[in-house]
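**Q** A single structure is presented below for examination.
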Amino acid sequence: MRIISSVAAPNIALIKYWGKRDDLLKLPINDSISITLDEKALASTTTIVLGSKLKRDTFILNGHAGPDAHITEALLLIRRRLGKRHHIIRKPILLISDNNFPTAAGIASSASGFAALAEAVASALGIRNRREISILARLGSGSASRSAFGGYVRWKMGKRKDGEDSFAVQVSPRSRWPQLADVIAISSAERKKVSSKSGMERTLKTSELCHCRQEHVQRAVEKVAGAIRRKDFRSLAYLTMRDSNAMHATMLDSWPPIIYMNDTSRAVVEAVHQYNEKAGSLRAAYTFDAGPNAHVITTRKEAGKIARMLKGIRGVRKVIVSGVGEGSKTIPTPQKTKQLIARILHK
Ligand code: DP6
């Protein structure tokens, strides 16, 4: 029996992934770039037990036992990929995973969750190659492929049908530019109405703007990668806000329209523009994933002021500040998880 625990943080995309060229393998229609967040601020902690005598896969997510279609599908794909080489992964698995932030509210819990799962599976099977870990994470959720690395990360869309060239690479380690922060304003912890998966499908099928964004987005990725290497915050901020707006425009242009941002999100947009105007330069950049919660990218120096500003906006319920993180990794299994495993297996 093997018991392995891991931790992974979500990442915040500066240039977004919104649209797949292969739905099952989660192959995207463009490259994307993100900052991996700090697991001390936001994390999924996952423990897997391989080779137990369980009769079927068993999941305990945030303390609740029950099936989960998304994880079942990811495991199917992971088994298909690794099962021939590693028989132990074929047997029923026990998976215990906890998030320390609201699930499915636009903070990518699937990114950290599947990155943590990939990390744990890889480690249990002795796989050390980060590219392979990124691919395994991608099979769960596209954006998870980026949380396998720390710092500033690019997920290459790849061209191959089998997805073997679609994985994340590090653009710059945290240590080169540790000064950035993500100040997150949570205005809703509800589950989103349209999942990323079906939202993307709808946008790709029905939005004309989506094709327009696609013509520019690859260039934006190059520019953001350059801005990261030069540590040029202003360019990064400008391109980040433009791409978030562009992606949400394609969502609104879908039919029926998909609307993730709410009044509070829009108030944050206004406030950030005002803040930058008053400062006379770009000091902060908002970006929104598939949810209403605002991520404001700024420097650590500025983060306190931004947090105070966000707390003053109507509808903001909670503010979380995260620095740049180091990517998924294995950890010793927490004591309470060991006890839970013992209870489940000896029942
Ligand atoms: C808006 O990675 O959650 O956050 O691959 O279908 O699981 P699936 O989607 P997911 O989508 C994330 C979309 C986004 C943009 C991004 O993170 O790049």
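No lab work stands behind these numbers, since they all come straight from the coordinates. Values in this document were obtained by computation on a predicted structure and should not be read as measured data. Backbone-built Cβ (ideal geometry, glycine too); neighbour counts: all protein chains shown.
**Q** So if each residue of separation counts as 0.36 nm, and I subtract the Cα-Cα distance between Leu24 and Asn129, what length gain in nm does that give?
**A** Contour length minus the Cα-Cα distance gives 35.5 nm.
**Q** Now for a separate question. Report the residue, chosen from Ser123, Ser34, Ser281, that carries the largest GNM mean-square fluctuation when the chain is represented by alpha-carbon nodes joined by springs under 10 Å.
**A** Fluctuation is largest for Ser281.
**Q** Can you tell me the alpha carbon radius of gyration of region 216-347 divided by the globular rule-of-thumb value 2.2 N^0.38 Å? Could you put the intermediate results ahead of the total?
**A** Values: Rg = 19.3 Å, N = 132, 2.2 N^0.38 = 14.1 Å.
Cα-based Rg divided by the globular estimate yields 1.37.
**Q** Return the tail of the calculated pair distribution for region 303-347, meaning the percent of Cα-Cα pairs more than 12 Å apart. Let's see the in-between values first.
**A** Details: 739 of 990 pairs.
Distances greater than 12 Å cover 75 percent of the Cα pairs.
**Q** Using only Cα atoms, tell me the angle between helix 233-252 and the longest principal axis of the chain; keep it within 0 to 90° and round to the nearest 10.
**A** Helix 233-252 sits at roughly 80 degrees to that axis.
**Q** A follow-up question, please. At R0 = 22 Å, how high is the FRET efficiency between Arg2 and His64 if r is their beta carbon distance? Nearest 0.05 is fine. Show your work: numbers first, answer last.
**A** On the way: r = 24 Å, r/R0 = 1.10.
Result of the calculation: an efficiency of 0.35.
**Q** Please list 3J(HN,Hα) in residue order for region 212-228, calculated via the Karplus relation 6.51 cos²θ - 1.76 cosθ + 1.60 where θ = phi - 60°; whole Hz, with x for glycine and proline.
**A** Once rounded to whole Hz, the list reads 5, 4, 4, 5, 9, 5, 5, 5, 4, 4, 4, 5, 5, 4, x, 4, 5.
**Q** What angle, in degrees between 0 and 90 and rounded to the nearest 10, separates the Cα long axis of helix 130-140 from the longest principal axis of the Cα atoms of the chain?
**A** The angle comes out at about 90 degrees.
**Q** In vacuo Debye scattering of region 76-203, one point per C-alpha: log10 I(q)/I(0) at q = 0.18 Å⁻¹?
**A** With one equal scatterer per Cα and no solvent, log10 I(q)/I(0) is -1.15.
**Q** Now for a separate question. I'm checking a number: the convex hull volume of the Cα atoms of region 275-334, normalised per residue, in Å³. What is it? Each step should come with its number before you reach the end.
**A** Working: hull volume 8.9 nm³, N = 60.
For region 275-334, the hull spanned by Cα atoms encloses 149 Å³ per residue.
**Q** If we count other beta carbons within 10 Å of each Cβ, what is the order of Ile313, Ile33, Ile297, Ile259, fewest first? Let's see the in-between values first.
**A** Values: Ile313 18, Ile33 29, Ile297 23, Ile259 14.
Listing Ile313, Ile33, Ile297, Ile259 from fewest to most nearby Cβ atoms yields Ile259, Ile313, Ile297, Ile33.
**Q** Further question on the same structure: Could you give the angle, 0 to 90 degrees to the nearest 10, between helix 69-82's Cα long axis and the longest principal axis of the Cα atoms of the chain?
**A** Approximately 70 degrees, to the nearest ten.
**Q** Using Cα centres only, tell me the gap between region 136-199 and region 1-73 in whole Å.
**A** After rounding, the separation between the Cα centres reads 11 Å.
**Q** Assuming 0.692 mPa s and 37 °C, estimate D for region 115-274 with Stokes-Einstein, Rh taken as the Kirkwood radius over Cα pairs, in µm²/s. Spell out each step's value before the answer.
**A** On the way: Rh = 17.8 Å.
Roughly 185 µm²/s, to the nearest whole number.
**Q** Give me, ordered by chain and number, the residues 5 or more places off Ser187 or on other chains with an amide H under 5 Å from its own placed amide H.
**A** HN-HN under 5 Å from Ser187: Asn293, Ala294, Arg317.
**Q** Something else: Could you tell me the calculated FRET efficiency between Arg219 and Arg160, based on Cβ-Cβ distance and R0 = 25 angstrom, to the nearest 0.05?
**A** Rounded to the nearest 0.05, the efficiency is 0.65.
**Q** What number in nm² do you get for region 1-132 if you take the convex hull of its Cα atoms and divide its surface by four?
**A** Working: hull surface 33.5 nm².
Mean projected area for region 1-132: 8.4 nm², to one decimal.
**Q** Helix-derived [θ] at 222 nm for the chain: sum -39500 (n - 2.57) over DSSP H runs of at least 4, divide by residue count, nearest 500? If you can, show how the numbers build up before the last one.
**A** Numbers: 9 runs with 134 residues, N = 347.
About -12500 deg cm²/dmol.
**Q** Calculate the FRET efficiency for Ala342 and Arg300 from the Cβ-Cβ distance with a Förster distance of 45 Å, rounded to the nearest 0.05.
**A** On the way: r = 42 Å, r/R0 = 0.93.
Given R0 = 45 Å and the Cβ-Cβ separation, E is 0.60.
**Q** Now a separate question. Just grab the label-to-label distance for Leu209 and Arg242, each label 7 Å out from Cα along the Cβ direction, in nm (one decimal).
**A** 1.6 nm
**Q** Same structure again: Can you give the extra length, in nm with one decimal, that the chain gains between Lys40 and Lys311 once fully stretched, where that is 0.36 nm per residue apart less the Cα-Cα distance?
**A** On the way: separation 271, 0.36 × 271 = 97.56 nm, distance 2.11 nm.
Taking 0.36 nm per residue and subtracting the Cα distance, the gain is 95.5 nm.
**Q** Among the listed pairs Lys16/Lys278; Lys84/Lys197; Lys159/Lys197; Lys16/Lys161; Lys91/Lys347; Lys16/Lys205, give every one whose C-alpha distance is greater than 25 Å.
**A** Numbers: Lys16/Lys278 28 Å; Lys84/Lys197 29 Å; Lys159/Lys197 20 Å; Lys16/Lys161 21 Å; Lys91/Lys347 19 Å; Lys16/Lys205 18 Å.
From the list (Lys16/Lys278; Lys84/Lys197; Lys159/Lys197; Lys16/Lys161; Lys91/Lys347; Lys16/Lys205), the Cα-Cα distance tops 25 Å for Lys16/Lys278; Lys84/Lys197.
**Q** Moving to a separate point now. Return the Cα extents of the chain along principal axes one, two and three, sorted largest first, each rounded to a whole Å.
**A** For the chain, the Cα extents along the three principal axes come out at 62, 41, 40 Å.
**Q** Let me ask another. How many nm separate the modelled label positions at Lys55 and Glu201, each set 7 Å beyond the Cα in the direction of the Cβ?
**A** Between Lys55 and Glu201, the simple spin-label model gives 3.3 nm.
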